[in-house]
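Just below is one structure, and these are the notes that go with it.
The values are calculated or read from the model by the stated rules, or taken from the named source; none is laboratory data. From a predicted model like this one, the values you see are computed outputs, not experimental measurements. Heads up, the Cβs are rebuilt from the backbone with ideal geometry, glycines too, and the neighbour counts pull from every protein chain shown. Just the protein is used for accessible areas: all its heavy atoms, side chains included, with ligands, DNA and RNA removed. Shrake-Rupley method; radii C 1.70, N 1.55, O 1.52, S 1.80 Å.
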Amino acid sequence: MSPPSGAAPAVADLGGVAVAAGVGLAAGLSVPLAWGVVPALLVGLGAILLVARRGPGAPDPADVAAMPRARRIALAALILAPAIPIVTVAARAVAGVVVAYPAALWAAAPGLVAALVLALTRRTWLQGLVLLAMVFGTFTAGAWGARFEAAGAHARGETWGGPILGIHPFQTTAVLVDGYGPFDLPINDYVEPDGSKGYGPAGLAEALTRDLHAIAELQYAEHGPARAYKAFAEATAVAEELPEVRERLDRPEEQPTQPRLRVTSGGVGRGSRVEFVCPGAPNDPRPRKPDAVMERMCPDKYSSEASAGLGLTGRWTGYTEALGQPRLSLARALGWPRERVHGELRAWAWIALGLVALAALGPRGGAAAGLARWGGAVAAIAAVLSLLLLGPGLSVQVEAWTRPAGWEAPRGLAPWVALLALGSGHAAIAAGTGRAAARWRGLVPRALPILAGTLGLACSLAAATWWTPVLAPPVDLSRPLPLAEAIAGLGEALHRGSGIPIDEAEGIVAASAVALLLGLLAALLGPVVRFAGSALGPRRPVLAGHLALLAVIVPAASLVLSRMSAGGAALLAPAAALAWMAGTGLALVAPGGRRRPAVAEHLLAAVIVVVAGCQALAAHDNRTMRIALGIGVLITLAGLMLLRRVRSASDSATPGPRP
């Protein structure tokens, strides 16, 4: 299939980059290091050599049209079936990033420009300039989005204390800011509401502000994370005169107003909050683990009364906590409560699927191809910049990287999804028709993000483990949203390596992640689905392509709701293996290739599909998984029909019996 819109081969290759790097971002941006760095790199290089040997390109549609109908249907099924869970995971990942980092929504502007302009541009140099401008426009949009969010009226979490009643010296309260802490705050003098002795309300606010800033310098200045440092270093406490809190209605008001404290976090967004809790916790800079409600009750009356005397306890009337609110939020626009985070995640996933599907319906899929190349260009340039900026600044304190994945094992196939994506048939179709001289040209940019991720993790982290972003939705609001931990870690590294403010660094990383994931969606729903449609109906390829698009979109939209398969995440490894088998099937269809290695790889890919399916079923044994994996086994068996040699269109002029 030739690249649409007159795209040059170097530009068309970016669609394959979007597929390989997009699956890598959603499932792990490196090969697993459980065996060590050298074995992982050897296996990775072996996979690259294997794909290069058979060629990374897709055959011409004329060769596919010349195949018997049964084999064309088998090839189309091999292409469409793995696209369903991969599309689902990518859409849910987009939703998770947008919910956790609303600044990433600003990436839609350069994406729209790329989709429209690249579809109308045929000159190679102009396409390259547009892509380069849109890549750096994506980075800029993420930074601007972060500034926009920080300027919101309710962007920072706040706490209003109850009325200040006063305490005697050497009593203590404790504070958490953005979930970091708790840290004890001792008061070394009297506190009186009228300021007649010791601290007055204004003096107490100044003392608390100094203490919060001191915590930032002592705990987080050197070792981070930068998000925690910002939360304490930019936190403020002010004294305000607010209306009296009526405790007893049988007594008249003593005074119309009472002094109270308002403490504001330095952080921004949904995770921004200030909590006052019981003192006496260990001095531990890591975020506090979720506690039951009763565990927050102070066990000691003396400590409890200290917090009450300052008005800083939830047991006192008037104490109020307000969480940070995003300025760009679908839930906020629709008036949903904060607790409906699952509904917002699903809605954004459906929006992403719908918008990319509309782009794929355009003439010749030019808009979808533009989105795919934009995502691939972001991945390629981000990988190069990561080697220059992120390598020296990766922090070993990022918990999402330093802990090993619970399901990581050397014999498990799930951690090898990135390599399977590298050799997948989807990447081959998205990159256009391959030629023998162009094998390495298409593989190098696709392999670069995976190799860079492997080397970066192995060389920069204390624990050489695989990066496993959180794919499933959170069980409760105290857990991070999908991909939030990984983006926070990359933002931390970008902040330390380049000096960009932490909010803007996270916005840049989040916008780049959205661009890459949208590029993956566009590559799968655009050229991949159109190629499968032309295989199903070569006489009416447009209608068949639209039907193939529905065959992917409808199940993907349903899988977004699936809890039994974690929204398709549990099917990701078998799907990537099936996509690898589709790549070997394309190599068998393409004329002029070395047939014996392609046959051996096709059989190996079929075995990998079955093994990956068994491992996925052992981890998630339920009805949904059994049905999905049963369909996958049937498609795998049908794909074995491609092993039989058929005459291609280029051989049709040569008389002779069909082999």
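The label point for Leu550 and the one for Ala322, both projected 7 Å from the Cα toward the Cβ, are 5.0 nm apart. Taking amide H as placed 1.01 Å from N in the peptide plane, Ala174 has its amide H under 5 Å from the amide H of Leu185, Val277, each at least 5 places away in sequence or on another chain. For Trp336, the solvent-accessible surface computed with a 1.4 Å probe is close to 70 Å², ligands and nucleic acids excluded.
Given R₀ = 22 Å, what would the calculated FRET efficiency be for Ser498 paired with Leu132, taking r from the Cβ atoms and rounding to 0.05? Efficiency, from the Cβ-Cβ distance: 0.70. Per-residue surface analysis assigns Met581 an accessible area of about 0 Å², computed on protein heavy atoms at 1.4 Å probe radius.
When the dipole is taken about the Cα centre of segment 16-135, and only Lys, Arg (+1) and Asp, Glu (-1) are charged at their Cβ, what size is it in debye, to the nearest 20? The partial results should precede the final answer.
Numbers: 8 positive and 2 negative charges, 55 e Å.
In debye, rounded to 20, segment 16-135 gives about 260.
Computed from backbone phi with θ = phi - 60° and the Karplus coefficients 6.51, -1.76 and 1.60, the 3J(HN,Hα) list for segment 90-96 is 5, 5, 5, 5, 4, 4, x Hz; x is used for glycine and proline. Protection proxy ranking for 548-560, 147-159, using the average of other Cβ atoms within 10 Å per residue and placing the highest first: 548-560, 147-159. Distant-in-sequence amide contacts of Leu242, defined by a placed amide H-H separation under 5 Å and a gap of 5 or more residues or a different chain, comprise Gln258, Arg260.
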